[in-house]
Amino acid sequence: MENNYSRKIIDSVSVLNLLLGEYAVVSGGALAARGIREAQDVDILVSEKLWFQLKEQYEVENVDDIEKIIPAKNVEIFWAGSFANLKFVNSEAPSVDDQISRAEIINGVSFQSLQDCLWFKIRSDREKDKTDVAFIEEYLN
């Protein structure tokens, strides 16, 4: 299901050679993969195992109290420990492992399910997430 929005994301993730079952492209990338809207960057959620492997290859940055690896321009990699300070990531939130296991493979790349994406976007206070909630709900209907 490739579309105009997804090609850039698929290319950016494919060159990283990440193992399926260990990551999922999340948030805007999950929307772009389905042709819902364009994404300006690629956010990748990874398993703890993959996080520690990637830490050996790339430097970990701390931006606004969020740990991330930035292997390429507009690509950011996160793991469960990255979000310890976010108020809406709690015991009710879908776990990283659950999100990865429910991810949809599109053109060889793993993308967060729209249901998981929606869960997080509903709980965010950002205006762009409110817009995304409407886009996701319209797409699902």
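Some points to look at:
- Rolled with a 1.4 Å probe across the full set of protein chains, the surface gives Ile122 an accessible area near 90 Å².
- Gap separating the Cα centres of segment 12-49 and segment 59-76, nearest whole Å: 14 Å
- When exposed loop sites are taken as GluC sites (Glu not before Pro) in a DSSP loop with at most 14 other Cβ atoms within 10 Å, the longest stretch of the chain clear of them is 93-141.
- Around the Cα centre of the chain, unit charges on the Cβ atoms of Lys, Arg, Asp and Glu (plus for the first two, minus for the last two) sum to a dipole of about 260 debye.
- Average Cα contact separation per residue, the chain, under 8 Å, 6 or more apart, as relative contact order %: 25 percent
- Theoretical ellipticity at 222 nm over the chain - DSSP helices of four or more residues, -39500 (n - 2.57) apiece, nearest 500: -10500 deg cm²/dmol
The values are calculated or read from the model by the stated rules, or taken from the named source; none is laboratory data. If you're wondering where the values come from, they're calculated on a predicted model, not measured in any experiment. Methodologically, a virtual Cβ is constructed for each residue, glycine included, from the backbone with ideal geometry; neighbour enumeration extends over all protein chains shown. Areas reflect the complete protein model, heavy atoms only, side chains present, ligands, DNA and RNA absent. Shrake-Rupley method; radii C 1.70, N 1.55, O 1.52, S 1.80 Å.
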